[in-house]
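S.K.: One structure is given below, represented as structure tokens, and several questions about it will come after.
The values are calculated or read from the model by the stated rules, or taken from the named source; none is laboratory data. Fair warning: this is a prediction, and the values are worked out from it, not measured in the lab. Glycine also receives a Cβ, built like all others from the backbone with ideal geometry; neighbour counts cover every protein chain displayed. Please note that ligands, DNA and RNA were not included when accessible areas were found on the heavy atoms of the full protein model with its side chains. Shrake-Rupley method; radii C 1.70, N 1.55, O 1.52, S 1.80 Å.
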Amino acid sequence: MFNFRDVGGYPGHDGRTVRWGRLYRSDSLHRVDETDRAAFAALGVRTVIDLRRPSEVARDGRVPAYDGLAYRNIHPEHRSWAEQMYDPETSLAHFLVERYVELATTGAAGLGEAVGLIADADNAPAVVHCVAGKDRTGIVCALTLSVLGVSDADIAADYALSSESSARFSAWLAASRPEAEDPPAPFLSSPAEAIGLFLDALRDRHGSIEGYLRHAGMTDAQFAALRAHLLA
């Protein structure tokens, strides 16, 4: 894996801080094997939230079914990016924002369900992941952190860390599968401005990130639960 990390440590509401060891984000966990088992178990993960399409799960597999580990596959409905080619002459950040806003529109129920699972303390520690751990996962983490009162600047910095993991993934891919084509730029880049523009777009449409998540099915009780167990 190349993009597994804790999202704790950021300043949130009322001078509190996002707790460490409660929410992790990652690229696909299907690569977890016996070599990783002890390290994975040491994190105490209770819940894996897999945001991949069912076809992606069928193609690559899922996290091992360890005892005591709950697994949820939630696919926020959206068009395949293969249907929307990126023009290298245009802004990559704006291309990503358009894809994210579209996903948030068609996949609202899935995003609301995913953040709702994170809100339940009984599911923690939780790991949320997709394929690369930057787009679908980045959206869910950005929504979660925003509700916790984390600044857009810190959310953008967290999102942008995925560019480093993409570089590691590209190096691994080139070494292990030299015949493979390089992934397109949108699959590898996480420009910080993209996630801020995305959050602004949701605020323009729904008044606030909480307003969007209420539209996506979350309740006041879930917002309170999220803050209660993820802020210290």
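S.K.: Could you report the chain's accessible area per residue, 1.4 Å probe, as an integer in Å²?
M.R.: Values: 10370 Å² over 232 residues.
That works out to 45 Å² for each residue.
S.K.: Additional query: Would you mind finding the longest exposed-site-free stretch of the chain, with exposed GluC sites (Glu not before Pro) meaning DSSP loop and at most 10 other Cβ atoms within 10 Å?
M.R.: Values: sites that count: GLU89, GLU179, GLU181.
With GluC sites (Glu not before Pro) excluded where exposed in loops, the chain gives 90-178 as its longest stretch.
S.K.: Considering the chain as a Gaussian network with a 10 Å cut-off on Cα pairs, which listed residue, THR90, THR17, THR47, attains the greatest mean-square fluctuation?
M.R.: Ranking THR90, THR17, THR47 by mean-square fluctuation puts THR90 first.
S.K.: A further question follows. Would you tell me the accessible area of ARG72, worked out with a 1.4 angstrom probe on the heavy atoms of the protein chains, in Å² to the nearest 10?
M.R.: 90
S.K.: Considering only DSSP beta bridges where both residues belong to the range 1-139, give the percentage that are antiparallel (nearest 5). Before the final figure, lay out each step's value.
M.R.: On the way: 3 of 15 bridges.
If we restrict to bridges inside the range 1-139, about 20 percent are antiparallel.
S.K.: A further question on this structure: With a cut-off of 20 Å, note down the residues of the range 150-184 whose backbone N falls inside the zone around a label point 7 Å from the Cα of MET85 toward its beta carbon.
M.R.: 181-184
S.K.: Net charge near VAL18: determine it from the other residues with C-beta under 11 Å of the C-beta of VAL18, scoring Lys and Arg +1 and Asp and Glu -1.
M.R.: Numbers: positive: ARG16, ARG19, ARG22, ARG227; negative: ASP6, ASP154, ASP158.
Net charge in that neighbourhood comes out at +1.
S.K.: Say we join alpha carbon atoms closer than 10 Å with springs in a Gaussian network model of the chain; which of SER55, SER189, SER170 then has the biggest fluctuation?
M.R.: Most flexible of the set in this elastic network: SER55.
S.K.: Would you mind counting up the charge near GLY61? Only other residues with Cβ under 13 Å from its Cβ, with Lys and Arg at +1 and Asp and Glu at -1.
M.R.: Working: positive: ARG31, ARG52, ARG59, ARG62; negative: ASP33, ASP50, GLU56, ASP60.
The answer is 0.
S.K.: Further question: Leaving out ligands, DNA and RNA, what percent of the accessible area of the range 86-232 is carbon and sulfur, probe 1.4 Å? It would help to have the intermediate numbers written out before the result.
M.R.: Numbers: 3280 of 5920 Å².
The nonpolar share, carbon plus sulfur, comes to 55 percent.
S.K.: Go ahead and set up a Gaussian network model of the chain, Cα springs under 10 Å, then flag whichever of ALA174, ALA119, ALA153 fluctuates most.
M.R.: In this elastic network of the chain, the residue with the biggest mean-square fluctuation among ALA174, ALA119, ALA153 is ALA174.
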